[in-house]
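Enquirer: Once you've had a glance at the structure underneath, I'll fire off some questions.
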Amino acid sequence: MKHISPNVYVEDQFSVPPPPNNRGANLGFVTTSEGIVLIDPPMLPTDAIKWRDDIAKRGEVQYIINTDQHVDHIAGNSFFPGTAVSHEEVIREVFTGLGTGACGSERIEEVREKGLDAVGYLRLLVGERDPEGLALLEDFQLKAPAITFSERLTLYVGEHTFELMHLPGHTQSQIGVYIPQEKVCFAGDNFTYGTQPSLSNCLPLEWVKSLEKIEAMDIDVVVPGHGTVSDRSGVRECRLFLQKCIDIVGEAIERGMSREEAADRISFEEFSPGRRRGVAVHPGSAMQRLNVFRLYDMLSK
């Protein structure tokens with residue numbers, strides 16, 4: 001756990017492969033005079049129980065904020081007290097139909113083939129990464145957000161202000177959480193540091209604009225959805241990387257390259273920002289292809 005500002009704590013080691021660190025997204029919490037605000041609780045049950053007990057020593061959780069709809073951000077809601085808050089799109093993506101809306105990886109086809117809902121997909125992941133946690137999923141139900149919003153929502157908790165803003169990009173439901181008193185922004189999966197982000201659900205052009213908005217904030221620390229905490233320079237690197245990905249796929253479309261050809265020929269890894277620092281983590285060939293497919297489809301529109 002990192003103490004990144006007077007009242008903000010972050011765990012940024014769960015989110016970076018290889019195992020055992022690859023346990024979900026980054027999580028954080030803010031201590032206020034009226035209790036705790038938790039942002040993206042742990043995905044795996046044994047981690048959630050441990051963090052619930054540790055956080056309880058500091059105060060009672062009043063709110064749980066989810067920065068997007070994927071299971072690595074929402075699964076832990078059920079293990080904590082407090083009111084869950086998210087973008088309104090999370091309800092449609094996660095709590096209706098199959099679990100593909102909660103699945104942001106190369107396993108989407110597997111989820112479809114097996115007919116899994118979001119809880120079924122979670123059980124699959126827990127069985128692989130946290131088998132002792134399966135016992136904690138008996139009679140498990142996801143805790144849905146009780147408060148949702150479309151564009152902006154402000155929470156006043158004690159002396160702290162939490163400015164929640166819709167920042168579409170990694171997903172349609174993506175939000176950022178700005179805490180002006182701490183000069184901290186939780187960017188969710190719109191910002192990954194040292195690892196290539198998943199683009200399989202993304203809105204690429206909107207994503208670039210959302211990163212520009214984060215860069216313009218009065219902040220000292222940015223918490224990524226995956227990777228270690230950084231500052232606005234890391235966000236700029238991420239934006240430039242994303243723009244280059246968009247440009248490369250756009251050029252392939254203009255040259256008449258087919259969707260399959262583009263996925264076969266294009267890799268984004270060689271210019272990943274983390275590569276220069278020796279910390280780049282390749283997403284794997286399946287996700288790389290999905291990344292190219294998504295950009296091709298969205299840019300072709």
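Enquirer: Give the number of residues within region 37-57 that are closer than 24 Å to residue 191 by Cα and of a type outside the set (D, E, K, R). Before the answer, list the steps.
Expert: Step one: filter region 37-57 for residues closer than 24 Å to residue 191 by Cα, giving 37-44, 47-48, 51.
Filter once more, so that each one left must be of a type outside the set (D, E, K, R): 37-39, 41-44, 48, 51.
Result for region 37-57: 9.
Enquirer: Going by what's in this entry, would residue 237 be described as in a helix (DSSP H, G or I) and modelled with pLDDT under 95?
Expert: Values: in a helix (DSSP H, G or I): yes; modelled with pLDDT under 95: yes.
Answer is yes for this residue.
Enquirer: Among the residues of region 62-112, count how many are in contact (Cβ under 8 Å) with a residue 12 or more places away in the chain, outside any helix (DSSP H, G or I) and of a type in the set (S, T, N, Q).
Expert: Final tally of qualifying residues: 7.
Enquirer: Additional query: If I ask for residues that are surrounded by fewer than 24 Cβ atoms within 10 Å (Cβ to Cβ), modelled with pLDDT of 95 or more and more than 17 Å from residue 38 (Cα to Cα), which ones from region 173-209 would you list?
Expert: 203, 204, 205, 206, 208, 209
Enquirer: I need a count of the residues in region 198-220 that are in a loop (DSSP other than H, G, I, E, B) and of a type in the set (Ser, Thr, Tyr). Outline the logic, then answer.
Expert: From region 198-220, those in a loop (DSSP other than H, G, I, E, B) are 198-203, 216-220; that's our starting set.
From what's left, of a type in the set (Ser, Thr, Tyr): 198, 200.
So the count comes out to 2.
Enquirer: What number of residues within region 155-197 satisfy the criterion of being part of a loop (DSSP other than H, G, I, E, B) and within 10 Å of the chain's Cα centre (by Cα)? Spell out how you get there, then give the answer.
Expert: Going residue by residue through region 155-197, those that are part of a loop (DSSP other than H, G, I, E, B) are 158-159, 167-174, 180-183, 193-194, 196-197.
Those still in the list that are within 10 Å of the chain's Cα centre (by Cα) too: 170-171, 174, 197.
The number of residues fulfilling the criteria is 4.
Enquirer: Another question, then. Among the residues of region 41-61, is any within 23 Å of residue 161 (Cα to Cα), touching a Pro at 6+ places or on another chain (Cβ under 9 Å) and in a strand (DSSP E or B)?
Expert: Yes, region 41-61 has at least one match.
For every residue, the table says whether it meets (1) surrounded by 22 or more Cβ atoms within 10 Å (Cβ to Cβ); (2) closer than 22 Å to residue 8 by Cα.
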site: 31; (1), (2): no, yes
site: 36; (1), (2): yes, yes
site: 52; (1), (2): no, yes
site: 56; (1), (2): no, yes
site: 61; (1), (2): no, yes
site: 68; (1), (2): yes, yes
site: 81; (1), (2): no, yes
site: 109; (1), (2): no, no
site: 124; (1), (2): no, no
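The values are calculated or read from the model by the stated rules, or taken from the named source; none is laboratory data. Remember, predicted model here, so these are calculated numbers, not experimental data. No Cβ is skipped: glycine too gets one built from the backbone with ideal geometry, and neighbour counts run over all protein chains shown.
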